[in-house]
1. Since Ser185 meets every condition but one in (1) of a type in the set (Gly, Ala, Ser); (2) within 21 Å of Ser239 (Cβ to Cβ); (3) touching a residue at least 24 places away in the same chain (Cβ under 8 Å), which condition does it not meet?
2. Out of all the residues in the range 1-58, which are part of a helix (DSSP H, G or I), among the charged types (D, E, K, R) and touching a Ser or Thr at 6+ places or on another chain (Cβ under 9 Å)?
3. Out of the residues in the range 358-367 that are in a helix (DSSP H, G or I) and of a type in the set (A, V, I, L, M), state the one that is nearest to the chain's Cα centre (by Cα).
4. Is the range 69-87 home to any residue that is over 50 Å from the mean Cα position of the chain (by Cα), touching a residue at least 60 places away in the same chain (Cβ under 8 Å) and not assigned by TED's automatic domain parsing to the domain that holds Val344?
5. Being aromatic (Phe, Trp, Tyr), outside the structural domain of Lys304 (by TED's automatic domain parsing) and in a loop (DSSP other than H, G, I, E, B), is that true of even one residue in the range 96-104?
6. When the range 288-304 is examined, which residues are found to be touching a residue at least 12 places away in the same chain (Cβ under 8 Å) and either outside any helix (DSSP H, G or I) or surrounded by 17 or more Cβ atoms within 10 Å (Cβ to Cβ) (or both)?
7. What is the residue count in the range 358-387 for residues that are of a type in the set (Ser, Thr, Tyr) and either exposed (fewer than 14 other Cβ atoms within 10 Å of the Cβ) or closer than 20 Å to Leu348 by Cβ (or both)?
Amino acid sequence: MQVSVESTSVLERRMTVGVPVERIETEVNKRLQQTARKAKVAGFRPGKVPMSVIRQRYEDAARQEALGDLIQATFYEAVVEQKLNPAGSPAVEPKTFEKGKDLEYVATFEVFPEFEVAGLETIAIERLQADVADADLDNMLEILRKQNTRFEVVERAAENGDQLNIDFAGKIDGEAFAGGSATGSQLVLGSGRMIPGFEDALVGAKAGDVRVINPVFPDDYQNLDLAGKTAEFTVTVNSVSAPLLPELNDEFFAQFGVKEGGLEGFRAEVRKNMERELRQAIKSKVKNQVMDGLLAANPIEVPKSLIGNEINRLRVQAVQQFGGNIKPEQLPADMFEEQAKRRVVLGLIVAEVVKQFELKPDDARVREMIQEMASAYQEPEQVVAWYYKNDQQMNEVRSVVLEEQVVDTVLQKANVTDKSVSYEEAVKPVEAPQAA
């Protein structure tokens, strides 16, 4: 077998492979002999059909099958011989494909980039330090109470924070519009659920009142047909209900699975959850900085085929998440290209860190992670046992742990500074950059 390789770009290779005719004929004859053992031909017993008849009837099909298998087999033999690491399937173009002659074909494909991760000492990391203070805990208890607010009908004028049951009908230029009417709709004043001016105009209304209000749709409203236009809504107030915060009692605690210990037991459980959230938030922000740093310090070319595959995965995920009748391939590729490229590049860099530093998932850390996830459930022992019986879930946890070990490896060499902040600042999500 003869092999020659040409580099047509940084990652693309054009490999010419020649396969001797003797190897081709051996493979063809092997398939014809297999066919002869089971072929049914009129006038002959099975297994007794003359090879000349078998060759006449089945040689073309056997040759096509043999050539296809040989291209596949010799391609992988060639890339191993040439020490190439293909990314994706090759595009194969036969040069000679005639009976009685050597087979020659050209395979064009991309290879994985060869590089070493560098510049770890140039990565700057700001690691947040925070604790759950008593004031943070008190604030969380109030949030939990507000999330479980119930409403009770009152005979008074509506205030911000009250829930109104309303009927409304909207018009623009005297014409009703789609989505502009509802009956029995529940609306909490001050929630910002309706367009600006709608809720404000209902402050002071009482049950039985009918108000005509004229809010203006924002200029950037999602329905461009309504954007910037003044509407006229006729609103009938059916009832006004005042918010009632639940008491911090055993009945309230039981909603969160805390059945013993009273207020102190509930506070302890909430604090434990807040501390877990805090650890995860700090870890996530450090990880994001590490990944950004690795990207900046290691600009590499990546195979287009890998980016294309990742775009297709993101398309499928988007359709699964948002539903609808759209097919994944109908979503524009450029919607996902930047995210797909980042994922592919990071995947290659992280894999190279694992290889360079000979990292393997730490069994103790795997168990610790499973136990922490299980601690959020009422019967953590059963959750831990379930993980250890589920190979797929265990592999996912090992991958997360290995990624954490990559982060730790970078932190050992990076420029890390610690910054003390409040709990609120530490758990606050990082704002995504605004699109230009």
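The values are calculated or read from the model by the stated rules, or taken from the named source; none is laboratory data. All values derive from a computational prediction rather than experimental measurement. Heads up, the Cβs are rebuilt from the backbone with ideal geometry, glycines too, and the neighbour counts pull from every protein chain shown.
1. (3)
2. So in the range 1-58, the residues part of a helix (DSSP H, G or I) come out as 21-38, 51-58.
So of that shortlist, the ones also among the charged types (D, E, K, R) come out as 22-23, 25, 27, 30-31, 37-38, 55, 57.
Within the range 1-58, Arg23, Arg57 qualify.
3. Initial filter on the range 358-367 (in a helix (DSSP H, G or I)): 363-367.
In the following step, the residues that additionally are of a type in the set (A, V, I, L, M) were identified as 364, 366.
Numbers: Ala364: 27, Val366: 22 Å.
In this case the residue turns out to be Val366.
4. If we filter the range 69-87 for residues that are over 50 Å from the mean Cα position of the chain (by Cα), which is where we start, we get none.
Scanning the range 69-87, I find no residue that is over 50 Å from the mean Cα position of the chain (by Cα), touching a residue at least 60 places away in the same chain (Cβ under 8 Å) and not assigned by TED's automatic domain parsing to the domain that holds Val344, so the answer is no.
5. Quick first cut of the range 96-104, residues aromatic (Phe, Trp, Tyr) only: 97.
Subsequent filtering for residues that are outside the structural domain of Lys304 (by TED's automatic domain parsing) retains 97.
Now drop any that are not in a loop (DSSP other than H, G, I, E, B), which leaves 97.
Yes, because at least one residue in the range 96-104 is aromatic (Phe, Trp, Tyr), outside the structural domain of Lys304 (by TED's automatic domain parsing) and in a loop (DSSP other than H, G, I, E, B).
6. If we filter the range 288-304 for residues that are touching a residue at least 12 places away in the same chain (Cβ under 8 Å), which is where we start, we get 288-291, 293-298, 300-304.
Hits for the range 288-304 are Gln289, Val290, Met291, Gly293, Leu294, Ala297, Asn298, Ile300, Glu301, Val302, Pro303.
7. Residues in the range 358-387 being of a type in the set (Ser, Thr, Tyr) and either exposed (fewer than 14 other Cβ atoms within 10 Å of the Cβ) or closer than 20 Å to Leu348 by Cβ (or both): 2 in total.
Listed here are the residues, each with its yes/no results for (1) surrounded by 12 or more Cβ atoms within 10 Å (Cβ to Cβ); (2) at negative phi; (3) modelled with pLDDT of 95 or more.
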| residue | (1), (2), (3) |
| --- | --- |
| Val406 | yes, yes, yes |
| Leu411 | yes, yes, yes |
| Asp418 | no, yes, yes |
| Val421 | yes, yes, yes |
| Ala426 | yes, yes, yes |
| Val430 | no, yes, no |
